[in-house]
Amino acid sequence: MLRQSMSGRDGKEMVLIPEGEFIMGSEEFGPESPQHKVYLPAYYIDKYPVTNAEYKRYMDETCAMPPRHWDGFEVPLGLENHSVHRISWFEAVMYADWAGERLPTEAEWEKAARGTDGRRWPWGNEFDEALALVWDRGEFLMTLPVDAHPGGASPYGACEMVGNVEEWCANWYDAYPGSTYKGKAFGKKFKALRGGSSFFTQNHARCAYRCFTRPEDSGMDGLVGCGFRCVLDADAAGAAEG
């Protein structure tokens, strides 16, 4: 039997997303359509996004460069437990490789955030400003600690899936199977982003919402950039423990 949580190679807590179908997408916007069911095998996902402190450890062990907004090679004081951001897709992939894991697909990210009932936000169908850092709050904060909103956890216990910082996904931003929407951004040009951020409204924080940018993009000065979390296949986790 699979455990409900485990520690990844990088020491981060990961929560189990059990195998089975879930409802993906919505009919609210063309890029999210059609709403459809997707079956996924079991996997683990980081309970929290990768933090500045965790990224610093990775830097120390690999000689990786710091995020663009750091003033040098040290974590900005007081931001140790905040989501790392202004990370390119390539840098996120390199961290995941170092951790023996990988970035989630859009489907894996959405199931971890949404559960199986098609809800709009991780906690339900009514938005609550107290459960996510988004533009609607009017506080204009860049980031908050990754454990700032325990009440906003997903049905599987994954936290900070929406708001705070957008999160990289593994796949290219492209149309869903059966979609009739012709997006000019579709194709092997941009990587998918999920979850919205402090710079966007609650609409971007919906579990089904899709965004995108160039994989080499590391963000702009003075704006919150992209962060990430990792996943591990359940059979790989079992093999590692065996």
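None of the figures in this text is laboratory data; all of them are computed from the coordinates on show. Not measured: the values here are computed from a predicted model. Glycine gets a Cβ as well: all are built from the backbone with ideal geometry, and neighbour counts include every protein chain shown.
Using 0.36 nm per residue, how much length does the chain from ASP235 to GLU13 gain when fully extended, once their Cα-Cα distance is taken away?
Going from the current span to full extension adds 78.2 nm.
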| message | Lysine pairs in the range 5-241 with Cα distance under 28 Å, only those 8 or more apart or on different chains: how many are there? | response | 21
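Rank by packing, highest mean first: peptides 164-172, 37-45, with packing defined as the count of other Cβ atoms within 10 Å averaged across residues. Don't skip to the answer; put the middle values down first.
Working: 164-172: 24.8, 37-45: 18.1.
Answer by packing, highest mean first, reads 164-172, 37-45.
I want the antiparallel fraction of DSSP beta bridges within the range 139-242, as a percent rounded to 5. Spell out each step's value before the answer.
On the way: 6 of 8 bridges.
That works out to approximately 75 percent antiparallel.
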| field | Of SER197, TRP135, GLY178, farthest towards positive along the dipole that unit charges on Lys, Arg, Asp, Glu beta carbons give the chain | value | GLY178
| task | Any chance you could run the full-extension gain for TRP98 through ARG57? It's 0.36 nm times the residue separation minus the Cα-Cα distance, nm to one decimal. | result | 13.6 nm
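Report, for the chain, the % of DSSP beta bridges that are antiparallel, rounded to 5. It would help to have the intermediate numbers written out before the result.
Numbers: 25 of 27 bridges.
Once the DSSP bridges in the chain are tallied, antiparallel ones form about 95 percent.
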| said: Using helices alone, I'd like the mean residue ellipticity at 222 nm for the chain: each DSSP H run of four-plus residues gives -39500 (n - 2.57), total over residue count, nearest 500. | reply: -4500 deg cm²/dmol
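Quote the charge dipole size of the chain about the Cα centre in Debye, to the nearest 20; the model charges only the Cβ of Lys and Arg (+1) and of Asp and Glu (-1).
Numbers: 25 positive and 37 negative charges, 129 e Å.
Using only the charged Cβ atoms, the result is roughly 620 debye.
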| field | Pairwise label distance in nanometres, LYS188 with GLU126, each label 7 Å out on the Cα-Cβ vector | value | 4.7
| Taking the Cα centre of each part, how many Å lie between the range 106-159 and the range 31-65? | 15
| query | How do the peptides 51-61, 19-29, 223-233 rank, highest first, by the average count of neighbouring beta carbon atoms within 10 Å per residue? | reply | 223-233, 51-61, 19-29
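Taking 0.36 nm per residue of sequence separation and subtracting the Cα-Cα distance, how much length would be gained by fully extending the chain between ALA175 and PHE29, in nm to one decimal? Mind dumping the intermediate values first?
Details: separation 146, 0.36 × 146 = 52.56 nm, distance 1.21 nm.
51.3 nm is the gain from fully extending ALA175 to PHE29.
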| Would you list ASP71, ASP147 from fewest to most Cβ contacts within 10 Å? | ASP71, ASP147
